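Written below as structure tokens is the structure these notes are about.
Bear in mind these aren't lab numbers, they're just calculated from the coordinates by the rules spelled out. The structure presented is a predicted model; accordingly, all values stated were derived computationally and were not measured. For neighbour counting, all protein chains shown are included, and Cβ atoms are generated from backbone atoms with ideal geometry for every residue, glycine included.
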Amino acid sequence: MTVPTITLNDGATIPQLGFGTWQVADDVAERSVSTALQTGYRHIDTAAIYGNEKGVGRAIAASGVPRDELFVTTKLWNDKHLKDDARQALETSLTKLGLDHVDLYLIHWPSTKHPGQFVEAWDAMQTFKYEGLVRSIGVSNFNQEHLDALNGATPAINQIEMHPTFAQPAYRESLLKQGIRPEAWSPLGMSKDLANPVITAIATELGRTPAQVIIRWHLQLGTVVIPKSVTPERIASNFDVFDFQLSPEQMAQINGLDAGARLGGDPLEV
Ligand SMILES: NC(=O)c1ccc[n+]([C@@H]2O[C@H](COP(=O)([O-])OP(=O)(O)OC[C@H]3O[C@@H](n4cnc5c(N)ncnc54)[C@H](OP(=O)(O)O)[C@@H]3O)[C@@H](O)[C@H]2O)c1
């Protein structure tokens, strides 16, 4: 199964389908990431705050997958935005992961509790990229006003909440125009969108699972997508999405589900 790659604004490529690990304890992350790597996923999304970088690292080390075939993302937490803290945080993440670089390092949130400090974090991230500690740099949960405050390089990625009932079509388009690739977190709507009758009807029509239908929708929109599961059968079926297509009508039906139904934190509040 070949996962399409997307070329980012810095020339690096990212596998469009990756694997999420939020709310997964360290030992469970080790098992689920091992299953994901055996299934064929080569793009893993973690974060310092998830507390599972060691488990992810153990799974990577045990997998035997060559490092240059893997794409590993981790994220800088909110209280580490000042440059010395950011460097220490990255070094800690690399040690836990057992890696000498990550493929993508993201500022996790702009963080209202540390106003404006993300600007300093962004300067630090650019230094880390220059030093080779990270291959690509990006942001997560940034609104346009946060993006506008950054100096220097344009983020390669903005990882934001996106799923059929919270699709952010205008912002998604605007990011693409700015050369910033949108990446969907909670792409299945934390499983809530799977029961939507439009999704289940399309799934029945195609003889596919609701999760496969939603993952296809993200892929066909050009979004990077990182569904999470700790269930081996779901890890496998969520990856089995490259031998069918949604029709333009089915895409339009799913686009019609957008209801502004945010499930996670609002960037202006977290
Ligand atoms: N940057 C950020 O601020 C941010 C925020 C949230 C998430 N993320 C990232 O995005 C990833 C994905 O988001 P998420 O974990 O919030 O939610 P999600 O991927 O939208 O949904 C995960 C939920 O769906 C279930 N599921 C997965 N595949 C399924 C299937 N085929 N059939 C039925 N249920 C299925 C999972 O259950 P089981 O696990 O029990 O199988 C889990 O309960 C995270 O893991 C994390 O890496 C980033």
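3J(HN,Hα) along the stretch 20-34, derived from phi through the Karplus expression 6.51 cos²θ - 1.76 cosθ + 1.60 where θ = phi - 60°, amounts to x, 9, 5, 6, 10, 5, 3, 6, 6, 4, 4, 5, 6, 5, 4 Hz, with x in place of Gly and Pro.
Neighbour counts of C-beta atoms inside 10 Å place LEU82, LEU175 in the sequence LEU82, LEU175, starting with the fewest. Full extension of the segment from LYS83 to TYR171, taken as 0.36 nm per residue of separation minus the current Cα-Cα distance, would add 28.8 nm.
Taking the Cα centroid of the stretch 56-135 and of the stretch 222-262, what is the distance between the two, rounded to the nearest whole Å? Each part's Cα centre sits 27 Å from the other's. Could you tell me which of PRO110, GLN159, ILE202 has its Cα farthest along the dipole of the chain towards the positive end, charges placed at Cβ (Lys, Arg +1; Asp, Glu -1), taken about the Cα centre? Farthest along the dipole direction, towards plus: ILE202.
Couplings for the stretch 3-12, taken from phi via the Karplus curve 6.51 cos²θ - 1.76 cosθ + 1.60 with θ = phi - 60°, read 7, x, 10, 10, 8, 7, 5, 9, x, 6 Hz in order; Gly and Pro are left as x.
This model, with +1 at the C-beta of Lys and Arg and -1 at the C-beta of Asp and Glu, gives the chain a dipole about its Cα centre of some 260 debye. So what is the relative contact order of the stretch 30-134, in percent, for Cα pairs below 8 Å that sit 6 or more residues apart? It rounds to 27 percent for the stretch 30-134.
Take the Cα of GLU120, step 7 Å toward its Cβ, do the same at THR204, and the gap between the two points is 5.7 nm. Taking each of LYS192/LYS228; LYS83/LYS129; LYS54/LYS75; LYS75/LYS192; LYS83/LYS177; LYS54/LYS192 in turn, the alpha-carbon distance tops 18 angstrom for LYS75/LYS192; LYS83/LYS177; LYS54/LYS192. Scalar couplings 3J(HN,Hα) for the stretch 243-256, obtained by applying the Karplus form with A = 6.51, B = -1.76, C = 1.60 to θ = phi - 60°, are 10, 8, 9, 8, 6, x, 5, 5, 4, 5, 4, 5, 4, x Hz; x denotes Gly and Pro. Using the Cβ-Cβ distance between ASP100 and THR13 with R0 set to 25 Å, the FRET efficiency works out to roughly 0.80.
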